[in-house]
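Here is the structure we will look at.
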Amino acid sequence: MRSRAAPWSLLGLAVLLALPWLLPQLLPQGQAQFWTASILGRAIVFGIIAMSLTFLATYGGFVSLAQMMIAGIAGYTLAIFVEGAVPRVVGLLGYGAAIPLALLAATAMGILMGAISLRSRDIYLLMITLALGMGVFRFIETNIAWFNGYEGIRNVVGPSLFGLDFRNALVFYHAALGTAALLYFGILYLVKTPFGLVLQGIRDNPRRVAALGYAVGLHRIAAFGVAGFIAGCGGVLSTIYNIGISPGSIGLGATVNILIMSVIGGLGHPIGAFIGSLIFTVLDTFAATIYDRDRFNTLIGLAFLAIVLVSPDGAIGVGARLRRLLTAQPRPASRVCGEVRSRPPSTRTAKEEPP
Amino acid sequence: MTEPAIRLQAVSRRFGALQAVRDVTLDVMPGERRAVLGPNGAGKTTLFNTICGDYPPTGGSIALFGTDITGLRPHQRTRLGIGRTYQTSLLFNGLTVLENLFIAVRGLRPGRFSFLRPGRGDEGVARARELADRMRLSHLLAAEVLNLSHGQRRQLEVGMALAGDPRVLMLDEPAAGLSPGDRPELLRLLRELPRSLTLILIEHDMDIALSATDVVSVMKDGVVVVEAPADRIEDHPVVQSIYLGSGH
């Protein structure tokens, strides 16, 4: 079963790869570097964490508020085990061993979240994952021996990539972009595998999936594991970006920010997470310039309201609407299962069942 | 002695104060075609859901070819050979016809948890295409299920139930909502089913129910009140009393 690897995604990736060299042609040197490191780099890192939420919501129908906490588990695992971090907790491993360990911890935490929330859906799933996330946050905030309490762990500077320092903005940007691209195209591949198709079946009709011989619970737990791995990648990058991690980075505010990014971008496709993250990061960075730093929440709230009112599908929904208007076509065609997939104008909504 | 395909012994299902199915005892032999009839609210669909595991029974036992399945979960019962359709189509609306059939085929084969895409020569995809052909849906392989007509959705339902080569096929009102033009096609599908397959059918369309089955069980108020050959059921006084009233 094949899907057309969206040419727009590949074009976008090519532009993003070249951007650090294009920006200095358009902006003064200092501003170009600021945009590369502080806007785009940061947006990509948080976009990865938001994409873990989008993956679960889009293809499984599960909205989890534990993804930021899971990213934090990866960050803390890295900070605890890597040598050079301050204060030293274990500090015995190099980055080559500590990063896989961090991803393993995040995947395990994702699986645990999936197992705990196995029987809940909708608002109940939202509340259970939020409660678990806040429980872990409070534990970390008050535990000194392992997590250094409120202050967190500093000096997680990142590895050297082929002799290139991770602290170099260009190196970090391309490492983050490469990770994001691998995860993004990995998700597009995964959703057309038997596992991905069954996950979408669970979204549409879990009862029918069980009647076809599948253990719905196992698939669901595995999906949370995959999402945990994705969030873990974001968590590792975010810890290196911030040169450390503290409980504030996985608190309620950070958790809600990830949800806002996902909704602003759109929960219909993984690319929405990155678009939402970019909009969020730009508003967050320039709030003081636009209006007042203390009014950031008002600005992001207004942006959130505007996008939800104009397009309930988020920013990607706006794009799809414009494209349909311009081409006067109901939906674009895509290739699935080796066949051209067409969507004729629908006269029936998803909830409507014939008698 | 041949074990019954399905054996129900004093099966009951209660929802709070409502006794939906009451002490149903029933044997369906391998290869038998059995219709379950009765007025709305008689407990037919609840009985189906109890046999398939959607609602565990609150009393009694269920055996499939001699194996007790009373405590098993729905996917475990499916793996032992039960295939079913639902009263209202339960399909994967966001996926295509081929993807729906492919999921149905993979459910009982190795690789249902695979993280690799099936290749061109994949046996599961080939089987899904074959089923689409059998259900007269091969021209709609790439169509999203949301956009199918009601008749096509019912055909797909039956195709998905057959995908796992079940030993017992349970169809819950397959003709519900079908136009008169679609009904002969459904009857053809039912008649083409292999004779080795045990069929249990809930149906309000008497022509379809009696043409496609050999034995009929009639339910009322959660109880099986009549069991008779299909060609003699219409004349049965209890059946006439249920459908036409006690004055007849």
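The values are calculated or read from the model by the stated rules, or taken from the named source; none is laboratory data. Fair warning: this is a prediction, and the values are worked out from it, not measured in the lab. We place every Cβ from the backbone using ideal geometry, glycine too, and count neighbours over all the protein chains shown. Keep in mind that these areas ignore ligands, DNA and RNA; they rest on the heavy atoms of the full protein, side chains included. Shrake-Rupley method; radii C 1.70, N 1.55, O 1.52, S 1.80 Å.
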Computed magnitude of the charge dipole of the protein assembly as shown (debye, nearest 20; Cβ of K, R +1, Cβ of D, E -1):
880
Quick one: which residues, 5+ away or cross-chain, put their amide H under 5 Å from the amide H of B:VAL226? H built at 1.01 Å from N.
B:VAL218
So the A/B interface buries, both sides summed and with a 1.4 Å probe, an accessible area in Å² (nearest 100) of 4200
For B:GLU173, what residues show an amide H to amide H distance below 5 Å, using hydrogens built from the backbone and excluding near sequence neighbours?
B:ILE202, B:GLU203
Roughly how many nanometres apart are two label points built 7 Å out from the Cα toward the Cβ at B:ARG73 and B:LEU116?
2.7
Simple label model, 7 Å out from Cα along Cβ direction - A:ARG207 to A:THR327, nm
3.7
Relative contact order computed over region B:113-248 (Cα-Cα under 8 Å; 6+ residues apart), in percent:
15
Longest exposed-site-free window of chain B, the sites being GluC sites (Glu not before Pro) in a DSSP loop that have at most 15 other C-beta atoms within 10 Å:
B:1-191
Please check chain B for the longest run free of trypsin sites (Lys or Arg not before Pro) that are loop-located per DSSP (anything but H, G, I, E, B) and have at most 11 other Cβ atoms within 10 Å.
B:1-119
What list of ³J(HN,Hα) values in whole Hz, one per residue of region B:226-243 in order, does the Karplus curve 6.51 cos²θ - 1.76 cosθ + 1.60 (θ = phi - 60°) give from phi, with Gly and Pro shown as x?
9, 9, 7, x, 4, 6, 10, 6, 5, 8, 5, x, 5, 5, 4, 5, 5, 8
Let me confirm one metric for peptide A:197-209, namely the mean number of other chain beta-carbon atoms within 10 Å of its residues' beta-carbons.
6
How well do other chains shield peptide B:64-75, expressed as the mean number of their Cβ atoms within 10 Å of each residue Cβ?
2
Residue separation times 0.36 nm, minus the C-alpha to C-alpha distance between B:GLN9 and B:ASP231: what's the value?
77.3 nm
Loop only by DSSP, 10 or fewer other Cβ within 10 Å of the Cβ. Give me the trypsin sites (Lys or Arg not before Pro) in region A:114-152 that pass, ordered by residue number.
A:ARG119
Applied in sequence order to region A:97-110, the curve 6.51 cos²θ - 1.76 cosθ + 1.60 (Karplus, θ = phi - 60°) yields integer Hz couplings, x standing for Gly and Pro, of 9, 6, 5, x, 5, 5, 5, 5, 4, 5, 5, 4, 5, x
Heavy-atom accessible area per residue, chain A, 1.4 Å probe: how many Å²?
45
Can you find, among B:VAL223, A:ALA66, A:LEU164, the residue farthest towards the positive end of the dipole of the protein assembly as shown? Put +1 on the C-beta of Lys and Arg, -1 on that of Asp and Glu.
A:LEU164
Does anything in region A:299-325 have its amide N under 18 Å from the 7 Å Cα→Cβ label point of A:LEU11, and if so which residues?
A:316-325
For B:ILE69, which sequence-distant residues (separation of 5 or more, or a different chain) have an amide H within less than 5 Å of its own amide H, given hydrogens modelled in the peptide plane?
B:ILE62, B:ALA63, B:LEU64
State, to one decimal in nm, how far the label point of A:PHE162 lies from the label point of A:LEU27, with both points 7 Å from Cα in the Cβ direction.
2.6
For region B:60-69, Karplus-derived ³J(HN,Hα) couplings (6.51, -1.76, 1.60; θ = phi - 60°; whole Hz; x for glycine and proline) come out as x, 9, 10, 10, 10, 6, x, 9, 5, 10
Would you work out what percent of the accessible area of region A:7-251, with all protein chains in place, is carbon or sulfur (probe 1.4 Å)?
71
Residue-averaged 222 nm ellipticity for the protein assembly as shown, from DSSP H runs of 4+ at -39500 (n - 2.57), nearest 500
-16000 deg cm²/dmol
On the formula 1/(1 + (r/R0)^6), with r taken between the Cβ atoms of A:LEU104 and B:HIS204 and R0 of 51 Å, the FRET efficiency rounded to 0.05 is 0.35
Extension gain, A:LEU92 back to A:ALA145 (0.36 nm per residue minus Cα-Cα distance, nm):
17.5 nm
Given the options A:GLY272, A:CYS233, A:VAL198, identify the residue whose Cα lies farthest towards the positive end of the charge dipole of chain A (+1 on Cβ of Lys, Arg; -1 on Cβ of Asp, Glu).
A:VAL198
